[in-house]
Every structure is written in C-alpha cells, then in structure tokens.
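Some notes on the structure that comes next.
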Amino acid sequence: MSISTVTNPEPSSTARSLKVRMVLAFFAIYFLWGTTFLAIRIAVEELPPLFAAGARFFIAGILLFGFMLVKGETRPNARQWRNLLVLSLLMFVAEYGPLFWAEKYVPSGIVSVLAATIPIITLVLEMLVLRKQSWSVRLAAATLLGFGGVGVLLLPGGQQHFPVLPCLAILCGCTTWSLGSVLSRSMDLPKARPLTSGATMLLGGAILLLISAGFGEMHPMPHVTFRAAMALLYLIVFGSLLAFTAFVWLLAHMPATRVASHAYVNPIVAVALGYFLAAEPVTMRTLAGTVLVLVSVFMILRRGA
C-alpha cells in the first residue's frame with residue numbers, strides 16, 4: 001500500500017509535464033512560426049534582404065551549435081560537414097534568400113500561403129525523383145488542388161495583383177527546401193538533431209552574408225534601426241531558436257505528419273497578422289487561393305496520419 005502511494009504520483013507528474021511541453025511546443029511551431037512572416041516583412045523594409053537573412057541564421061546557428069557543443073555533443077566529421085553544407089545551400093541559402101527578397105514585394109500573408117506548398121512539393125519529389133510514393137486518385141487530386149490554389153493567387157487582374165517573379169522565387173525556394181528535406185533522410189548527419197540544425201543555420205547564414213557582401217549590400221554597412229533590430233532579434237530567438245528547437249523536439253516524440261500540421265496553421269496566423277497589424281489587404285481571391293492550398297496540404301498530410 002505504502003509503495004503504491006509513493007510511486008503512483010511520479011508517472012502522473014511525468015505525463016503531465018510531457019503534455020505541457022507538447023502544448024508549448026505546438027504553440028511554438030503553430031503561432032511563433034506563423035508570426036515570423038510579418039517579422040521578416042518588417043526587417044526587409046529597412047535592411048537589405050540577404051543581409052537580414054544571413055544575420056538571422058548565422059547568429060542563431062552560432063548560438064545553437066555552440067550550446068550543443070558545450071553540452072558535450074560530438075563535432076561533425078568531414079563527411080558530415082560536407083552533407084551539412086549541401087543541406088545549408090538547399091534549405092537556407094536557396095530557400096530563405098529568395099523568400100526574404102520576395103517579402104519586399106509580396107504581402108507576408110501571401111508569402112506564408114506559398115510557403116505552405118512545401119508538403120505538396122515534397123510529395124511530388126518523393127514520387128517523381130525518389131519513387132518512394134505511388135500515385136493515387138486522392139493524392140493526385142490534392143496536388144492539383146494545391147497548385148490550383150497557387151494559380152488563383154497568381155492570376156493577373158482583379159483588385160490585387162502580386163508580382164509573378166517574387167512569387168516564383170518563393171516557390172523555387174520551397175522546392176529546394178523540400179529537396180533538402182528528402183535528401184537528408186539518406187545522408188550521414190550528426191545524431192543530435194539540434195546540432196545538425198545549428199550547423200546548417202550557421203553555414204547557411206555565413207554563405208548568405210558572403211552573397212550579401214558580393215551584391216554590395218554591406219557597402220556601406222547597413223544602418224540597423226531599433227525597429228529592424230527588434231524584428232531580427234524576434235526572428236533569431238522566437239523563429240529560429242525556440243520554434244525550430246520545438247519542431248525538432250516534437251519530431252522525436254510523435255509522427256511527422258502531426259508535427260507537419262503547422263503547414264496549414266502558419267498561413268492562417270500570418271494572413272490574420274498581416275491584415276490586422278500591417279493593413280495587408282485580404283480579397284476574396286486571396287481567401288479562395290489560401291483555402292485551396294490549405295485543403296490540399298491537409299489532404300496530403302492526412303494520408304500518413
């Protein structure tokens with residue numbers, strides 16, 4: 001009797017603590033990641049886009065990578081560094097460089113909807129490139145629905161017209177991110193996922209800063225206003241360190257399809273914030289395209305739930 005009364009509360013307390021951490025982690029990837037699109041918009045209003053992207057990931061990468069080394073994680077070997085470099089080029093340089101640039105011309109809410117196509121593009125790459133998935137009527141319909149939603153957003157005319165080139169740049173970045181995520185599954189990478197994340201952010205941020213310098217964004221050195229500094233700080237702390245760490249932690253505790261559900265929550269958060277805080281217009285065409293993309297993503301993610 002006495003043993004059971006002493007030991008029973010421990011599992012209950014552990015389960016309660018795990019549940020609280022999961023709630024907080026989902027809040028991070030649902031809400032915090034959704035808010036980063038507006039923070040990027042604020043940052044690039046006053047800072048060169050490649051410089052802003054590079055500063056965000058270089059600083060976040062140094063902090064996360066350094067923290068993991070202090071904790072005693074093993075440094076990547078030469079082969080792992082090579083793979084990390086490839087991932088940093090695909091998932092940070094080729095993805096976030098165009099995205100930061102595009103946010104100078106496209107509302108943050110629309111950028112978030114276009115970025116939500118990543119699960120759709122990933123599915124197509126798995127089917128066409130790696131042959132890891134087989135087509136079905138449901139998946140084909142979901143894919144067509146998602147790209148149909150993108151088409152609705154990019155149609156010329158109407159009350160609101162989005163420039164095609166920045167939108168295509170975002171979609172190309174989504175494609176490289178998806179390719180990186182697919183290839184990473186067969187790469188030799190450090191076992192500690194936060195270490196991998198920190199290393200790829202560090203490398204990607206450094207390369208973005210070099211490209212920024214090559215394009216003359218640092219001549220003269222950008223003047224960082226208080227508003228831009230706060231936007232960058234928000235992206236580093238809440239977007240990269242907290243939300244990304246929560247994302248990695250969730251992947252270790254539940255199916256990837258449930259974690260990937262942030263793809264159809266982030267745009268809702270981003271569109272709402274853009275409308276209420278930045279006066280970004282939301283037309284019926286915007287709503288129609290957004291709904292088509294989100295329904296497509298929901299159908300694709302539900303296949304493995």
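Rolling a 1.4 Å probe over the protein chains gives LEU69 an accessible area of about 40 Å².
Residues considered: THR225, THR290, THR176. Largest GNM mean-square fluctuation over the chain, using C-alpha springs under 10 Å, is found at THR225. For the chain, the relative contact order is 40 percent, taking Cα pairs closer than 8 Å that sit 6 or more residues apart in sequence and dividing their mean separation by the residue count.
With all protein chains in place and ligands, DNA and RNA left out, the 1.4 Å accessible area ranks TRP33, TRP81 as TRP81, TRP33, largest first.
Each part reduced to its alpha carbon centroid, the range 29-73 and the range 207-278 end up 6 Å apart. Build a GNM of the chain with springs between Cα atoms under 10 Å apart, and of PHE238, PHE226, PHE162 the one that fluctuates most is PHE226.
The calculated 222 nm mean residue ellipticity attributable to helices in the chain amounts to -22500 deg cm²/dmol, summing -39500 (n - 2.57) over DSSP H runs of n ≥ 4 and dividing by all residues. Based on the Stokes-Einstein relation at 37 °C and a viscosity of 0.692 mPa s, and on the Kirkwood radius from alpha carbon pairs, the range 31-190 is assigned a translational diffusion coefficient of 188 µm²/s. When each of the peptides 209-217, 241-249 is scored by the mean number of other C-beta atoms lying within 10 Å of its residues, the order from highest to lowest reads 241-249, 209-217. Only aspartates and glutamates eight or more places from LYS19 in sequence, or on another chain, were considered; those with a Cα closer than 19 Å are GLU10.
Within the listed set GLY205, GLY289, GLY72, the residue fluctuating most in the Gaussian network model of the chain (springs between alpha-carbon atoms under 10 angstrom) is GLY72. Using R0 = 30 Å, the C-beta based FRET efficiency linking GLU45 and LEU24 works out to 0.45. Dividing the convex hull volume of the alpha-carbon atoms in the range 125-238 by its residue count gives 199 Å³ per residue.
In this rough spin-label picture, where each label sits 7 Å from Cα along the Cβ direction, the ALA141-ARG258 distance is 2.7 nm.
For the range 184-292, the Cα-based Rg and Dmax, in that order, read 18.0, 47 Å.
The values are calculated or read from the model by the stated rules, or taken from the named source; none is laboratory data. The structure presented is a predicted model; accordingly, all values stated were derived computationally and were not measured. Don't worry about glycine lacking a Cβ; one is built from the backbone with ideal geometry, like all the others, and counts go over all protein chains shown. Note: accessible area is taken over every heavy atom of the protein model, side chains too, but ligands, DNA and RNA are not part of it. Shrake-Rupley method; radii C 1.70, N 1.55, O 1.52, S 1.80 Å.
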